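See structure below.
The values are calculated or read from the model by the stated rules, or taken from the named source; none is laboratory data. This structure is a prediction, so every number in the text was calculated from the model and none was measured. So basically every Cβ, Gly included, is an ideal-geometry build from the backbone, and we count neighbours across all protein chains shown. SASA here: full protein model, heavy atoms, side chains in, ligands and nucleic acids out. Shrake-Rupley method; radii C 1.70, N 1.55, O 1.52, S 1.80 Å.
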Amino acid sequence: MRHPVLAVVGCVAVLATLTAPFLRMRSAMPDSSALARDSEVRRVDEALADPLRFDPGGASAIPVIVATQGSPLEPATLRSLRTLIAEIEAVPGVEGVRSPARDLDPDALTPEAMQRKMRSEPTASQIRRMMDDDTALLIADNQNPWRSSESARIVTEIRDIEQAGLDTLVGGATAQMVDQVHTLREYGGIAALLVALSNYVILLVAFRAVLVPLKAVLMNAVSLGASYGLLVWVFQDGHFADWLGFVPAEGIDPTIPLVMFAIVFGISMDYEVFLLSRIQEEWKRTGNNRASVTLGLARTGRTITSAALILLVVVGAFMTGDLVYVKQMGLGIAAAIALDATLVRLLLVPATMQLLGAANWWAPRWLQRRA
């Protein structure tokens, strides 16, 4: 309270340093490495992924459904399919494309030879399995692990290929992963904004002040950002991997930040409501900003600290689990609670309220009127 500028600058510097790794957070769907080392599922998955033991292309193969205008066996359609196959094979990382259209070249075979080729094996079986009245299936072989960023890039590049007269749909496990990550990125920000706005409106109505609810939302955001940074530093960069018992991944499960946001924002807001309610009571009684902030912190300190310690014990226990997802949730939420209950509550909140003074409780006249 005596040195609010120094306290704010110091806290922001520490929190910014902790948040910095968050800027390079990558999204990665979890694989079997998220399970315990002795898990049967993990051992089977690692065996299948070993190229010295099994062909890795099976799980990583990328199916492409092609909707054609008419039968895919018509000469004009076959030419378009063969052009599409060549473009897919030109994508870096694609080992080849499986399709009966590869053996059916209308420019090199006579109509009679084409018919004989269609009736002969293995082309006849491939046509039955991979072509329909107006649909063809292409399978792009990919030697990269299906959850890897390289496989995701291949799916994206195949989707960007356009061929006149053909409509393509790319599916498979990798495409599902790409779509999940895209959807979470597209709507995750909207969900976070709705949570923040709804909290602001509730606090605005509760405290009848403009800046105090805004400050509460910002305080929660900075502690959450710092916890995201720690999450990246530990689980993406691999620090303390041996101690916590996990294998560093390419990135963080994309559902983790969104779930953490919802949980941490709610918990942190509880602390803010307890603290600000007591400070507002003293402000209304004395009209002294410095005294109200000091007394509010003193009166709520024991309750908030006790609640934070209980949550830290419960949530921190998640880090002892076998699943990496649970470990990430435990570390992220525990870090946010610890930062919010110490650095933010003890230094940043009182320093900012001291700087703002009476402006903390300013509100337009229409908001000050009570129903």
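Straight-line cross-link partners of LYS327 among the lysines, defined as a Cα under 24 Å from its Cα and at least 8 positions apart when in the same chain, are absent. Springs join every pair of Cα atoms under 10 Å in this Gaussian network model of the chain, and among GLU40, GLU112, GLU186 the largest mean-square fluctuation is at GLU112. Here's the picture: charge each Lys and Arg Cβ at +1 and each Asp and Glu Cβ at -1 in the chain, and of PRO4, LEU339, SER60 the one pushed furthest to the positive end of that dipole is PRO4. Using the Cβ of GLY332 as centre and a radius below 15 Å, the other residues enclosed give a net charge of -2, where K and R count +1 and D and E count -1.
Relative to the current alpha-carbon distance between HIS182 and LEU356, full extension at 0.36 nm per residue lengthens the span by 58.6 nm. Convex hull of alpha carbon positions in region 261-304: directionally averaged projected area 3.1 nm². Across all Cα atoms of region 287-356, the radius of gyration (one decimal) and Dmax (whole number) stand at 15.5, 53 Å. Simple spin-label estimate for VAL314 and ASP38 gives 3.0 nm between the two label positions (7 Å along the Cα-to-Cβ direction from each Cα).
The Cα atoms of region 215-371 give a gyration tensor whose axes a ≥ b ≥ c have a/c of 1.5 or more with a/b greater than b/c, which makes the shape prolate. Helices that extend 27 Å or more along their long axis by alpha-carbon positions and average at least -1.0 on the Kyte-Doolittle scale are, among the DSSP H runs of the chain, 173-207, 211-231, 255-286, 289-316. Taking the Cα centre of the chain as origin and assigning +1 to Lys and Arg Cβ atoms and -1 to Asp and Glu Cβ atoms, the resulting dipole is close to 2720 debye.
Here the simple spin-label model places points 7 Å from the Cα toward Cβ, and for ARG2 and ARG79 these points are separated by 8.8 nm.
Computing semi-axes √(5λ) of the Cα gyration tensor in Å for the structure here picks out one of [x] 34, 28, 16; [y] 59, 24, 14; [z] 74, 32, 22, namely [y].
Under 5 Å between amide hydrogens, built in the peptide plane, is the criterion, and for SER27 it picks out ILE252 among residues at least 5 positions away or on other chains.
In units of the compact-protein estimate 2.2 N^0.38 Å, region 1-116 shows a Cα radius of gyration of 2.04. Dipole magnitude for region 79-225: about 720 debye, using +1 per Lys or Arg Cβ and -1 per Asp or Glu Cβ, origin at the Cα centre. Here is how the number arises for the chain: DSSP H runs of 4 or more residues each give -39500 (n - 2.57), the sum is divided by the residue count, and the result at 222 nm is -19500 deg cm²/dmol. Solvent-accessible surface of protein heavy atoms, probed at 1.4 angstrom with all chains present, puts LYS284, LYS117 in the order LYS284, LYS117, largest first.
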